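Remarks on the structure that follows.
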Amino acid sequence: MVIPLSSETTNHLGNIINCLEIRNLNELKIIKDNLNEFEYIENISSIRDYGIYMLKKEENIKLTEDLEQFINIEGYGKMKKDNYSIITEKGYLKYYGCNKELEDILNKVGINIENKEVKEMKIYFPIEVVDSENYDLANYEIEEYFDEIVEHLENNISKLNLDEKRGLMKGYCYYDTINAKVLGYSIDLEMVNGQVMGVANVKLNEELTEKEVEKLKDEIEGEMSDGFGEMFEQRELKTNDGNEFYVRLWNENYWIAKTEEEFIFGEKRYSIR
């Protein structure tokens with residue numbers, strides 16, 4: 001069965017095709033399979049346009065006629081533009097990934113593919129386990145059933161038939177820098193400083209900014225509260241000793257996502273491996 005593309009996906013694909021001047025079905029398929037790794041910005045058709053865009057984005061400068069005479073806009077644009085992007089009449093396009101399947105397609109228009117290793121980061125969040133009468137298990141009780149809870153989680157994730165690369169990131173529907181930089185993420189449980197925590201194991205094409213990390217946390221919270229997590233908490237876990245539990249990956253009272261450094265060290269920084 002052919003699943004129709006959303007309007008957002010169709011538009012994003014169309015913009016990439018126009019910028020890269022794709023002319024055959026094989027190239028089209030390769031681009032379609034890697035859509036999320038591209039960032040497209042319309043209304044940028046010159047290095048000057050890009051300079052103005054980046055001044056506003058990174059320096060929070062909104063140009064006026066008086067200011068323009070003091071700023072080398074084209075020079076700033078050239079300084080900020082890298083070899084992984086192009087500026088065309090159709091707009092600005094940047095590739096964040098390292099998929100060699102795209103090399104020939106991108107090299108034709110002057111986009112290089114960087115030889116880089118996939119980076120990793122962890123985002124932790126609290127979980128709770130309740131019994132059939134809705135009583136919370138203490139952390140030491142959760143530890144006793146840790147292996148069975150992990151197996152229960154893995155079994156339910158496997159039923160989703162997720163894309164191996166994208167994982168739960170497959171549900172992210174915005175074609176922005178987060179989608180381009182985050183290759184995918186999976187959910188697991190870990191013992192950290194004596195606590196059983198949920199953890200999103202995130203794979204990255206490129207390091208995220210602080211704002212992007214916060215937005216990714218919001219995305220993970222949405223998945224845990226209304227997506228996979230909502231479905232999972234309704235799936236009963238029957239333990240080997242005859243108990244029945246339910247595992248909640250989100251709750252409205254004290255849920256908060258933290259990077260590894262925020263959780264373990266209380267520091268506002270992000271570890272990228």
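Just so it is clear, none of the values below were taken in a lab; they were calculated from the coordinates. Keep in mind that this is a model prediction, so the values were computed, not measured. Cβ atoms come from the backbone with ideal geometry, glycine included; neighbour counts cover every protein chain shown.
As I understand it, the value is the acute angle between the Cα axis of helix 47-58 and the longest principal axis of the Cα atoms of the chain; what does it come to in degrees, rounded to 10?
The answer is roughly 30 degrees.
Suppose we take every Cα in region 161-206 and form the convex hull; what volume per residue is that in Å³?
Cα-based convex hull of region 161-206, divided per residue, equals 87 Å³.
Relative to the present Cα-Cα distance, how much length would full extension add between Tyr254 and Glu141 at 0.36 nm per residue of separation?
Going from the current span to full extension adds 38.7 nm.
Starting from the Kirkwood radius over alpha-carbon pairs of region 7-107, derive D by Stokes-Einstein at 25 °C in a medium of 0.890 mPa s and give it in µm² s⁻¹.
167
Using 0.36 nm times the number of residues separating Asn26 and Asp226, minus their current alpha carbon distance, what extension gain do you get?
My answer for the length gained is 68.3 nm.
Do you know the relative contact order of region 119-264, to the nearest whole percent, from alpha carbon pairs under 8 angstrom that are 6+ apart?
38
Dividing the Cα convex hull volume of region 131-177 by residue count, how many Å³ per residue is that?
Considering the Cα atoms of region 131-177, their hull volume per residue is 155 Å³.
Per residue of region 200-212, in order, report the coupling 6.51 cos²θ - 1.76 cosθ + 1.60 (Karplus, θ = phi - 60°) as ³J(HN,Hα) in whole Hz, putting x for Gly and Pro.
My calculation for region 200-212 gives 9, 8, 9, 9, 10, 6, 7, 4, 8, 6, 4, 5, 5 Hz in order.
Angle between the Cα long axis of helix 7-20 and the longest principal axis of the chain, 0 to 90 degrees, nearest 10?
Between the helix axis and the principal axis of the chain, the angle is about 40 degrees.
What do you get for Rg/Rh over the chain if you use C-alpha atoms and the Kirkwood form of Rh?
Checking Rg against Rh, the ratio lands at 1.05.
At what distance in nm do the modelled label points of Glu58 and Leu160 sit from each other, each positioned 7 Å from its Cα along Cα→Cβ?
Between Glu58 and Leu160, the simple spin-label model gives 3.4 nm.
Among the listed pairs Lys165/Lys203; Lys94/Lys116; Lys100/Lys122, give every one whose C-alpha distance is greater than 18 Å.
Where the Cα-Cα span goes over 18 Å, the pairs concerned are Lys100/Lys122.
Angle, helix 146-158 long axis vs. longest principal axis of the chain, Cα atoms, 0 to 90°, nearest 10?
Compared with the principal axis, the helix lies near 50 degrees.
With the cut-off at 29 Å, tell me which of the pairs Lys217/Lys238; Lys159/Lys215; Lys56/Lys217; Lys29/Lys90 have Cα atoms farther apart than that.
The pairs that break the limit, which is 29 Å between Cα atoms, are Lys217/Lys238.
Using the C-alpha atoms of region 124-273, what convex hull volume per residue, in cubic angstrom, is computed?
In region 124-273, the Cα hull volume divided by residue count equals 116 Å³.
Taking chymotrypsin sites (Phe, Trp or Tyr not before Pro) as candidate sites, keep only those in a DSSP loop with at most 14 other Cβ atoms within 10 Å, then name the longest stretch of the chain containing none of them.
Looking at the chain, 175-253 is the longest stretch - no exposed chymotrypsin sites (Phe, Trp or Tyr not before Pro) with at most 14 other Cβ atoms within 10 Å.
Applying the Karplus parametrisation 6.51 cos²θ - 1.76 cosθ + 1.60 with θ = phi - 60° to the phi angles of region 227-235, what ³J(HN,Hα) value in whole Hz is obtained for each residue in order, glycine and proline being reported as x?
Those phi angles translate into x, 4, x, 5, 5, 5, 5, 8, 8 Hz.
Can you compute 3J(HN,Hα) from phi for each residue in region 236-251, using the Karplus curve 6.51 cos²θ - 1.76 cosθ + 1.60 with θ = phi - 60°, rounded to whole Hz and x for Gly and Pro?
6, 9, 9, 7, 5, 9, x, 7, 10, 10, 10, 10, 10, 8, 8, 8
Report the label-to-label distance for Val192 and Glu133 in nanometres (one decimal), using points 7 Å from each Cα along the Cα→Cβ vector.
With each label placed 7 Å out from Cα toward Cβ, I get 3.3 nm.
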